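The values are calculated or read from the model by the stated rules, or taken from the named source; none is laboratory data. No experiment lies behind these values; they were computed from the predicted model shown. Virtual Cβ from ideal backbone geometry, glycine too; neighbours counted across all protein chains shown. These area figures cover heavy atoms from the full protein model, side chains too; ligands, DNA and RNA do not enter into them. Shrake-Rupley method; radii C 1.70, N 1.55, O 1.52, S 1.80 Å.
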Amino acid sequence: MDERMQQTHRGERDQVRPAADGALVRRPIDPQRLVAAVASPEAGANVLFVGTARGFTNGVETTGLEYEAHDSMATEALERLCTTAVERFSLLACAVEHRLGRIAIGEAAVAIATSAAHRRAAFEAAEWLMERIKREVPIWKCEEWADGRRAWVHAEPAAARSGDAGHERGDGPVDAGRRRSRGRGRRR
């Protein structure tokens with residue numbers, strides 16, 4: 001029997017609260033395990049998003065990434081976002097894992113799995129979750145480049161954003177260099 005359903009004393013099926021799970025991991029992410037965790041006989045769609053470490057950012061070769069987090073705050077934020085996504089998009093289940101530590105190019109940094117009765121809700125929820133994770137969860141990314149430089153790249157604070165999803169980050173060497181130079185020497 002599906003874990004989300006239970007038998008009542010009269011044999012009727014009652015809906016149990018949908019599964020919503022967010023976690024930080026320090027091991028490789030297994031995307032298929034996440035899909036299995038959200039699968040349901042009631043689902044018409046299971047969506048999986050896997051964010052991977054890419055080899056070039058703004059034309060500069062990246063050799064790896066490193067992620068750090070405020071563990072308890074980040075875990076709480078991931079769980080809150082998953083619960084919100086379940087309610088907002090009427091999901092049957094939602095699971096998110098974000099990796100911490102050193103990540104090689106091509107490896108998964110984050111995976112989001114959603115299940116819903118219809119595909120639109122599952123797709124929209126996965127996209128909504130990724131954008132909210134980037135904006136709201138205290139996880140920091142350090143890019144390591146082929147020339148030996150490293151820089152921590154952060155999302156802009158919410159108050160500084162004027163655009164919508166996908167435009168709130170300074171991803172790459174130019175932005176990271178600007179941030180790095182602000183942190184040295186005199187204060188502005």
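Brief remarks on what is shown
- A search for C-beta distances below 8 Å between a residue of the range 123-149 that is of a type in the set (A, V, I, L, M) and any residue that is in a loop (DSSP other than H, G, I, E, B), counting only pairs 6+ apart in sequence or on different chains, returns Ala125/Leu91; Ile139/Leu100.
Residue by residue, here is whether (1) open to solvent by less than 60 Å² (accessible area, probe 1.4 Å); (2) aliphatic (A, V, I, L, M); (3) modelled with pLDDT of 95 or more holds:
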| site | (1), (2), (3) |
| --- | --- |
| Arg132 | yes, no, yes |
| Lys141 | yes, no, yes |
| Glu156 | no, no, no |
| Gly166 | yes, no, no |
| Asp171 | yes, no, no |
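- For the range 45-58, residues that are more than 20 Å from Pro31 (Cβ to Cβ) and either open to solvent by less than 60 Å² (accessible area, probe 1.4 Å) or of a type in the set (D, E, K, R) (or both) total 1.
- Residues that are in a loop (DSSP other than H, G, I, E, B) and surrounded by 12 or more Cβ atoms within 10 Å (Cβ to Cβ) within the range 59-78 comprise just one, His70.
- Single residue of the range 107-130 satisfying the filter (within 12 Å of the chain's Cα centre (by Cα) and part of a helix (DSSP H, G or I)) that is surrounded by the fewest Cβ atoms within 10 Å (Cβ to Cβ): Glu127
- Looking only at residues in the range 1-60 that are farther than 29 Å from Ala77 by Cβ and basic (Lys, Arg), the one that is modelled with the highest pLDDT is Arg13.
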